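Scroll down for the structure; my scribbles are underneath it.
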Amino acid sequence: EVQLLESGGGLVQPGGSLRLSCSASGFTFSTYFMHWVRQAPGKGLEYVSAITSNGGYTSYADSVKGRFTISRDNSKNTLYLQMSSLRAEDTAVYYCVKDMEVGGKHLLSDCWGQGTLVTVSS
Amino acid sequence: DIQMTQSPSSLSASVGDRVTITCRASQGISNYLAWYQQKPGKVPKLLIYAASTLQSGVPSRFSGSGSGTDFTLTISSLQPEDFATYYCQKYDSAPRTFGQGTKVEIK
């Protein structure tokens, strides 16, 4: 069974840092693109970041570029999101999502973690 | 970056109604458009990709169309389990932006 389990969320002060982890199982993690998506309380979905299977290419939403870093450790089947210079507007549930490749393009599959809540507040 | 705009933001409909949701891209994205359904407290579910391809297991009352900049999601006969929020998302290139969502509520 494919599973994604996020951890690392919590309460952090504005300007602080946090590292989220996503532990993957049930599939060959090292062969998949992976994504982070977030959802602020009561708000819509916001795409955050993506990383290729070997970690060689990453992309970010403009809202997090320069502050967040996505990475992965394929030997540990784990995806990371290092977040720094956090702002109140970064408060959200963060989901890691397994990729679905169609025709050479990458979109979100039906496999999402349960999410981890990040709250940025003083 | 390309912006994705959905309309309406919300709608009220009755069981059995035909419902159409529109998604517009600020620039052409070919057919690299997906639709997701999210119910309260749940993670999103992929309904349609490549603008019109139904994901496995999704009921045939859902359909998608469009190409370029204008896309639609249609529910041919709304069922009680379809009351949810629907999102479009472009995936032609990074960033894979979502629309703001359309909440489908019971009339």
Legend entry - ³J(HN,Hα) computed for each position of segment A:94-109 - Karplus, 6.51 cos²θ - 1.76 cosθ + 1.60, integer Hz, glycine/proline x: 9, 10, 9, 9, 6, 7, 10, 9, 9, x, x, 9, 10, 10, 7, 7
Legend entry - Cβ-defined net charge surrounding A:His35, 10 Å radius [Lys, Arg +1; Asp, Glu -1]: +1
Legend entry - Charge dipole magnitude, Cβ of K and R +1, D and E -1 - chain B, Cα centre, debye nearest 20: 160
Legend entry - Dipole-positive endmost among B:Gly28, B:Leu47, B:Cys88 within chain B (Cβ charges, Cα centre): B:Leu47
Legend entry - Vicinal HN-Hα couplings computed from phi for segment B:94-105 (Karplus, 6.51 cos²θ - 1.76 cosθ + 1.60; Hz; Gly/Pro x): 6, x, 7, 6, 8, x, 7, x, 10, 8, 9, 10
Legend entry - Long-range HN-HN contacts of B:Gln6 with modeled amide H, under 5 Å: B:Arg24, B:Gln100, B:Gly101
Inset, instruction - Could you state, as a whole-number percent, how many of the C-alpha pairs of segment B:42-107 are farther apart than 15 Å? - result: 56
Inset, instruction - Tell me which residues come under 5 Å, amide H to amide H, from B:Ser67 once H is placed; ignore anything under 5 positions away on its chain. - result: none
Legend entry - Karplus 3J(HN,Hα) series, Hz, for segment A:113-120 with 6.51 cos²θ - 1.76 cosθ + 1.60 (x for Gly, Pro): x, 7, x, 10, 8, 10, 10, 10
Legend entry - Dipole in debye (nearest 20) - the protein assembly as shown, about Cα centre, beta carbon charges: Lys, Arg +1; Asp, Glu -1: 160
Inset, instruction - Could I have the simple spin-label model distance between B:Asp70 and A:Asn54, label points 7 Å from Cα toward Cβ, reported in nm to one decimal? - result: 4.4
Inset, instruction - Pick out, from A:Ala92, A:Ser122, A:Val37, the residue whose Cα sits farthest towards the positive end of the charge dipole of chain A, with +1 on the Cβ of Lys and Arg and -1 on the Cβ of Asp and Glu. - result: A:Ser122
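All of the numbers you see were taken from the coordinates with simple rules; none came from a lab. Note that this is a predicted model, so its numbers are computed, not measured. Cβ atoms come from the backbone with ideal geometry, glycine included; neighbour counts cover every protein chain shown.
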